[in-house]
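Reading through the structure tokens given below for one structure.
The values are calculated or read from the model by the stated rules, or taken from the named source; none is laboratory data. No experiment lies behind these values; they were computed from the predicted model shown. Because the Cβ atoms are built from the backbone with ideal geometry, glycine has one as well, and the counts that use them run over all protein chains shown. Note: accessible area is taken over every heavy atom of the protein model, side chains too, but ligands, DNA and RNA are not part of it. Shrake-Rupley method; radii C 1.70, N 1.55, O 1.52, S 1.80 Å.
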Amino acid sequence: QNEDNEKLVLINSDRKDINTSNKSDSNVTKEHVQLTSQPKVQPKHPVQVTNSTVKKTSGLHKVIALDVTVHPRDFQAVGQFGQPALVPKNKEHEARRRWSEGYFNVFLSEQIPVDRAIPDTRPQACSENLVHNDLPTTSVIFCFVDEVWSTLLRSVHSVLNRSPPHLLEEIILVDDFSTKDQLKEPLDAYMSKFPKVRIIRLKERQGLIRARLAGAAVAKGEVLTFLDSHIECNVGWLEPLLERVYLDRKKVACPVIEVISDKDMSYVLVDSFQRGIFRWPLVFGWSTLPEDYIKKHQMKDSDPIKCPVMAGGLFSIDKKYFYELGAYDPGLDVWGGENMEISFKIWMCGGEIEIIPCSRVGHIFRGENPYKFPKDRQKTVERNLARVAEVWLDEYKELFYGHGYHHLLDKNVIDIGNLTEQIQLRERLKCKSFKWYLENVYPDMEAPLVKAEGLIFNLGARKCLALHKESLSFEICDLSKQTQHFNYTWMRMVRQQGSCVAPQRPGQSVTVEPCDTTKSYLRWLHKSSNKVLGEHLMMENAPLRMCLEAPSKGDSIYLRECDPGSPFQKWQFTHYYAQ
Ligand code: LR7
Ligand code: MN
């Protein structure tokens, strides 16, 4: 198996990897049940259902748990109170047929009231928390392309119904050139009933990143709150976010993202103490805070959680600060990478990202994108990520490319576009290094700069590789000799300072030349059959598929047909950091 062919699976970030539990009502079984009687879900906290506005004075008040759906119009409705809904037997075919309209249960979504109630899943302490009377106002920005009608409406209603009116400046719907007719005049007509809702239509498909920029450009609120267009905001969701921005304008606040089941549309509570992280090559994921960290900081389940990377879609940020940070790189297309970009930018340039457990928003996680990518999906996301890596990762960008993206460095494979402005921005903002970010924001991330290092020992000859004045030789191993120290890099190069081991001609000897990550013939696959760390391993030149071989006599190293049985083709570094 060629490790350089590791296929990168680019799927939507989804939360299937974390435990979800429907703790909202013990009477609800895991089976999909249709509601036939009034459920026993009672609001957990005292709720204020008035529209009373808070006077803009300094001072504090309890979070306004505004929910005009606590007493919903229809208790019997399908999916009411966020409970699982069931497709009737005679509609199963239709439900299956309509799945691909949104890659979730579009049929059921249509049956569920657009203003349904959902369980208040906040930790107990939240309703007692105080927030300031003079919080900033926010513009809520939804970008969408061909979103499912019922889901888009439910997203908007959840904001209208559960946000204190004096804090909600407006809701901006940015239509990223949808093709569905229903999202044109019918949507205008529907939304004209709600004076706070504005619709902006883009003249061509821009992708979610530039669509968000278009929404931000016309926003009037002091804070920008971005949301995906298939969400449901929970009770009291807004004030805790704005409070953090109010306390420090460089705090970027994210709600806990709960799950609206794509299958039965139920609202599912997620585990506490989750934070957003990334794995190489810049893949977003969730991880639970380590137990000892929670203990050490005496964290309660309602405390803000510092978050190395945000999921991307749901957050509040001070509008001026957003622009000071240079907003998003407008060169990012369609989908992906912008969450990494803004996360690195925020942390490295003096800000913070937090998840606020008292703010909770449900999101429909879908298995596939229900819209087309103008260009190839994989290539689009790769290109976005490479832009981010080039601007923000410093020397760590080798880890990004080394985890399945070598090919992006080969000449003419991909044009990642001009990065001058992004690089200048980073200099102007005097942002810290990626090394600083790893050490201070995400210290539990393992990011060794090389895969292996030390002496390179040959099992057959029992000698080590050495480099003297541009020429490779073979000597008695001696740890004290710097000439025998090499790195095995993420780009699979065997490097000593700026020199890399290079093939000369097949069957001939091996030499060194200046390292250059774009030259694929400088890459050596160092692999074992059973993946045991530190086992004796072959060194196979990637494009030539020939192996490094030590001589039984003399000191020149040769390139030969690979022979897994030969001890003279087995090499071992002193230290392995990663396999
Ligand atoms: O070309 C497009 N134009 C758009 O307007 C493509 C998408 N969009 C809209 C789309 O209609 C939706 O409202 O942009 C929004 C996000 O697109 P999704 O829902 O397809 O994205 P996602 O939920 O699969 O992916 C997550 O990662 C994205 C990376 O670019 C964005 O940051 C999404 O906002 C983000 N979603 C979340 O953070 C919700 C939680 C998911 C997780 C983990
Ligand atoms: Mn989404």
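Each part reduced to its alpha carbon centroid, the stretch 127-175 and the stretch 254-318 end up 20 Å apart. Our coupling estimate for the stretch 132-140, obtained by passing each phi through the Karplus curve with A = 6.51, B = -1.76, C = 1.60 and θ = phi - 60°, is 6, 6, 10, 5, x, 8, 10, 9, 9 Hz, Gly and Pro reported as x.
Divide the volume of the convex hull around the Cα atoms of the chain by the residue count and you get 178 Å³ per residue. Annotation: amide H of residue 141 within the under-5 Å range of 172, 225, 226, 227, sequence separation 5 or more or interchain, hydrogens built in the peptide plane. Taking a sphere under 11 Å around the Cβ of residue 445 and counting the other residues whose Cβ falls inside, with K and R at +1 and D and E at -1, yields a net charge of -2.
Dipole magnitude for the stretch 199-339: about 480 debye, using +1 per Lys or Arg Cβ and -1 per Asp or Glu Cβ, origin at the Cα centre.
What value, in deg cm²/dmol to 500, does the helix sum -39500 (n - 2.57) over DSSP H runs of n ≥ 4 give at 222 nm once divided by the residues of the chain? It comes out at -5500 deg cm²/dmol, rounded to the nearest 500. Which shape class applies to the stretch 212-254: rounded if a/c is under 1.5, otherwise prolate when a/b exceeds b/c and oblate if not, where a ≥ b ≥ c are the square roots of the Cα gyration tensor eigenvalues? Oblate is the answer for the stretch 212-254, as a/c is 1.5 or above yet b/c matches or exceeds a/b.
Mean projected area of the Cα convex hull of the stretch 318-476, taken over all directions, amounts to 15.3 nm². Going by accessible surface with a 1.4 Å probe and the largest first, 449, 183 read 449, 183. In terms of the Cα gyration tensor, with a ≥ b ≥ c the square roots of its eigenvalues, is the stretch 139-225 rounded because a/c is under 1.5, prolate because a/b exceeds b/c, or oblate? It comes out oblate by the Cα gyration axes. Surface composition of the stretch 370-449: carbon and sulfur make up 49 percent of the accessible area, probe 1.4 Å. Close amide-amide hydrogen proximity is noted between residue 510 and 557, each under 5 Å apart and 5 or more residues distant or on a separate chain (H modeled in the peptide plane; Pro and chain starts excluded). Nearest-5 percent of antiparallel DSSP beta bridges in the stretch 139-270? Percentage antiparallel, nearest 5: 10.
Helix 149-162 and the long axis of the chain differ in direction by around 70°, with both axes built from C-alpha atoms. Here the extension length gained between residue 199 and residue 101 equals 33.1 nm, from 0.36 nm per residue of separation less the Cα-Cα distance.
For the chain, the cysteines with no partner cysteine C-beta closer than 4.7 Å are 143, 233, 254, 307. For the stretch 88-96, 3J(HN,Hα) computed residue by residue from phi via the Karplus equation (6.51, -1.76, 1.60; θ = phi - 60°) reads x, 3, 6, 10, 4, 4, 4, 4, 5 Hz, glycine and proline entered as x. Rolling a 1.4 Å probe over the protein chains gives residue 398 an accessible area of about 40 Å². Specify the angular offset, from 0 to 90 degrees and rounded to the nearest 10, of the alpha carbon long axis of helix 207-218 from the longest principal axis of the alpha carbons in the chain. Roughly 50 degrees, rounded to the nearest 10. Bridges between two residues of the chain, per DSSP, are antiparallel at a rate of about 70%. Take every DSSP beta bridge whose two residues both sit in the stretch 219-373; close to 65 percent of them are antiparallel.
Per-residue packing, averaged as other Cβ atoms within 10 Å, sorts the ranges 214-220, 546-552 into the order 546-552, 214-220, beginning with the highest. Counting Cα-Cα pairs of the stretch 89-248 in 5 Å increments starting at 0 gives whole-percent bin shares of 1, 8, 16, 19, 19, 15, 10, 6, 3, 1, 0. Between 83, 388, 573, whose Cα lies farthest towards the positive end of the dipole of the chain when Lys and Arg beta carbons carry +1 and Asp and Glu beta carbons carry -1, centred on the Cα centre? Most positive-ward Cα: 83.
Ordered from largest to smallest accessible area (heavy atoms of protein chains, 1.4 Å probe), the residues 469, 463 come out as 469, 463. The angle between the Cα long axis of helix 238-247 and the main principal axis of the chain comes to about 60°, on a 0 to 90 degree scale. Only one residue of 378, 454, 402 has its Cα farthest out toward the positive end of the dipole of the stretch 354-460, where Lys and Arg carry +1 and Asp and Glu -1 on Cβ, and that residue is 378.
When only the Cβ of Lys, Arg, Asp and Glu is charged (+1, +1, -1, -1), the dipole of the chain relative to its Cα centre reaches about 200 debye.
Cross-link pairs exceeding 32 Å between alpha carbons, from the set 250/300; 91/180; 89/203; 193/300; 196/372; 203/320: 89/203; 193/300. Accessible surface area normalised per residue over the chain is 44 Å², counting heavy atoms of protein chains with a 1.4 Å rolling probe.
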